[in-house]
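Report on the following structure.
The values are calculated or read from the model by the stated rules, or taken from the named source; none is laboratory data. As the structure is a prediction and not an experimental result, all values here were calculated from the model. Here the Cβ positions follow ideal geometry from the backbone for every residue, glycine too, while neighbour counts run over all protein chains shown. Areas reflect the complete protein model, heavy atoms only, side chains present, ligands, DNA and RNA absent. Shrake-Rupley method; radii C 1.70, N 1.55, O 1.52, S 1.80 Å.
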Amino acid sequence: MANILLVEDSPEVSMSVREILESAGHTIEDAVSGKDALQRLSAGSFDIIVSDIWMPEMDGIALLKEIRGAGNNIPVVVISGGAPNAPLTYTAPLAATFGANVVVYKPFEKAELLTAVASALSDS
């Protein structure tokens with residue numbers, strides 16, 4: 001199973017995603033922002049990142065730009081429900097443009113998230 005870096009600022013969403021991924025046998029390390037995720041990436045080894053887009057300090061798009069700009073090809077699954085000033089019709093293509101392997105829309109089903117993670121891992 002995969003060692004996953006979960007980047008999510010909402011404790012409730014993080015807990016739900018963690019439960020889904022751990023129930024499938026994955027190991028999870030949490031980060032609460034893109035900035036936190038970059039620090040954890042530099043200190044550890046991960047097979048995949050599952051990241052929200054809208055977070056404090058550094059959002060998921062900026063995180064994708066940093067990761068891909070550094071030449072890191074780690075698979076990234078973006079999970080997002082959009083934001084009042086940036087609906088999903090804008091953010092999802094933006095995430096894909098900057099290197100997200102898969103975009104999953106909140107709210108999502110357990111099987112949808114697990115399929116997205118499996119797909120991103122198999123693409124790498």
Legend entry - Qualifying GluC sites (Glu not before Pro) for region 1-68 [loop in DSSP, other Cβ within 10 Å: at most 14]: 57
Inset, instruction - Among the lysines, select those whose C-alpha is under 22 Å from the C-alpha of residue 35, and discard any that sit fewer than 8 residues away in the same chain. - result: 65
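With all distinct Cα pairs included, what does the Kirkwood hydrodynamic radius of region 1-73 come out to in Å, to one decimal, could you say?
On the way: mean 1/r = 0.0820 Å⁻¹.
The Cα-based Kirkwood calculation yields 12.2 Å.
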Legend entry - Set of aspartates and glutamates with alpha-carbon distance to residue 110 below 19 Å, sequence-local pairs under 8 removed: 8, 12, 19, 22, 29, 30, 52
Inset, instruction - Considering only protein heavy atoms, with the full assembly of protein chains and a 1.4 angstrom probe, order 13, 76 by accessible area, largest first. - result: 13, 76
Legend entry - Highest-MSF residue in the chain out of 61, 20, 79 [GNM, Cα springs under 10 Å]: 20
Legend entry - For the chain, alpha-carbon Rg over 2.2 N^0.38 Å: 0.94
